[in-house]
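The values are calculated or read from the model by the stated rules, or taken from the named source; none is laboratory data. This is a predicted model, so every value here is computed, not measured. In this analysis, Cβ positions are derived from the backbone assuming ideal geometry, glycine residues included, and neighbour counts consider all displayed protein chains. Quick note on the areas: whole protein, heavy atoms, side chains included, nothing else; ligands and nucleic acids left out. Shrake-Rupley method; radii C 1.70, N 1.55, O 1.52, S 1.80 Å.
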Amino acid sequence: MPRIPVRLVTWEEIVEWSRGLAKRIEEQGYQPDVVIAIARGGFVPARLICDFLGVENLLSIQSQHWTEAAMKGERAVIKFKYTIDLRGMKALLVDDIVDTGDSMILAKEFIEQNWKPDVLKTAALQWISSVAKIKPDFYYIEVKEWVWFQYPWTRLEDTVQFIKRMLTEEARSGKTAWKIEEIKEKFKEWYGIMVEDQYFLKALEILISKGMLRVKDDTYYVVLK
Ligand code: AMP
């Protein structure tokens, strides 16, 4: 059993899920004039939804909650509180996943109060029904058991954080010197997935540049701070 349940999501699945979500929106007769992506996770799904629903207007709002992969920040915040006028328009707010729901709740409230569209509906590729405080108007997949979905647009970021977290904890129990194959093995054990070499090697490079790792004669040494 992995320490943290992670499910790797492919680009192909993202396209398939976005197409499926767009179909549900269409079947329920909603045709938005404008799509609003919740940054950053909602960008790719929102762009695909625009394509599948034939929507030209795409905006974004940054509602940030999770600062690190599978690590929740204290509370969600709207990062850039600009105001635009959406009166007379039907809007669709899109995110990749509704987990706690805090990001979507906050973005929705902010838009309703400040941008004032005539109608605002919410959509997400995935909805974790067991924990979410909000059910989006449209979703494609209902997730019942919590998992961290490793989406393709955070592959490097997540890999960096996953390796960092794992090596820090392993170092506390005494192991500070690693061969690359050992790091990969441990990664699979911890997270139950593997990423392509180009991501794994780049992630190690980033950790070296941040001073968390040092490398000598093909051995990686963890620098505990
Ligand atoms: P939340 O406010 O908890 O609903 O989550 C806000 C954002 O964090 C989501 O839009 C995702 O980008 C990211 N996120 C939260 N939970 C997960 C998860 N289980 N898997 C992947 N990304 C997640």
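Listing for the model above:
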item	result
Spherically averaged projected area of segment 172-225 from its Cα convex hull (nm²)	3.9 nm²
Convex hull of segment 100-171 built on C-alpha atoms - directionally averaged projected area, nm²	6.6 nm²
Sparse-neighbour loop sites [GluC sites (Glu not before Pro); segment 26-127; at most 11 other C-beta within 10 Å; DSSP]	E56
Alpha-carbon spread of segment 94-225, three principal axes, descending order, Å	63, 30, 27
Segment 19-69: radius of gyration and largest Cα-Cα distance (Dmax), Å	11.9, 37
Lys, Arg +1 and Asp, Glu -1 on Cβ, resulting dipole of segment 152-222 about Cα centre, debye, nearest 20	260 debye
Only Lys, Arg (+1) and Asp, Glu (-1) charged, at Cβ; the chain dipole about Cα centre in debye	720 debye
In segment 127-203, trypsin sites (Lys or Arg not before Pro) in a DSSP loop with at most 16 other beta-carbon atoms within 10 Å	K133, K144, K175
Candidate residues D218, D137: accessible-area rank, largest first, probe 1.4 Å	D218, D137
Other-chain or far-sequence residues with amide H under 5 Å of G42's (modelled H)	D96
Whole-number accessible area per residue in Å² for the chain, which is evaluated in the context of all protein chains at 1.4 Å	52 Å²
Rounded to the nearest 20 debye, dipole of segment 1-67 from Cβ charges on Lys, Arg, Asp, Glu	380 debye
Global form of segment 6-150, assessed from the alpha-carbon gyration tensor, a/c cut-off 1.5	oblate
DSSP bridge orientation in the chain - percent antiparallel, rounded to nearest 5	30 percent
